[in-house]
Amino acid sequence: MNNLKPTERNNWQLDPHFSEIFQPKYEDYGHSQYFNLDHGHLATASLHPHEHGYYLTNSVPQYDKINKGHWRVIEEYMSCLARKAEETFIYTGTLFLPNEETNLMEFQLEILVRVLCNHKY
């Protein structure tokens, strides 16, 4: 078993390992009358030591209902796998895809999750 412990932090901050231009900004999480955007974790914060789970490089604008619903279930499942494994690799990512109508690159939440782990029961 590894020694990962859940964190109670919810203080998003810049990742000191990357330039600001490569990180989401707080303005990316705006609200409208139609939807609210949350900071969705790419990898759940409980799988990171200390503040690393709350670096902006580990977040993606995500519809609040998805973030608190289906994505939360996926996060909990990944956490469960990681806690039971001696070694776990979780790969997540997003895509910026071209909009064929406007010819601009737009953010679309296309998340790929790949989990590789070595279970020790």
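Among the residues of the range 56-66, those that are surrounded by fewer than 20 Cβ atoms within 10 Å (Cβ to Cβ), part of a helix (DSSP H, G or I) and not β-branched (Val, Ile, Thr) comprise LEU56, ASP64, LYS65. Looking across the range 6-49, the residues that are modelled with pLDDT under 65, loosely packed, with under 11 Cβ neighbours inside 10 Å and polar (S, T, N, Q) come down to ASN10, SER32, GLN33. Here GLY53 fulfils each of the conditions (1) in a helix (DSSP H, G or I); (2) modelled with pLDDT under 70 apart from (2).
The values are calculated or read from the model by the stated rules, or taken from the named source; none is laboratory data. Keep in mind that what you see is a predicted model, and the values were worked out from it rather than measured. Note that we place each Cβ from the backbone using ideal geometry, even for glycine, and neighbour counts take in every protein chain shown.
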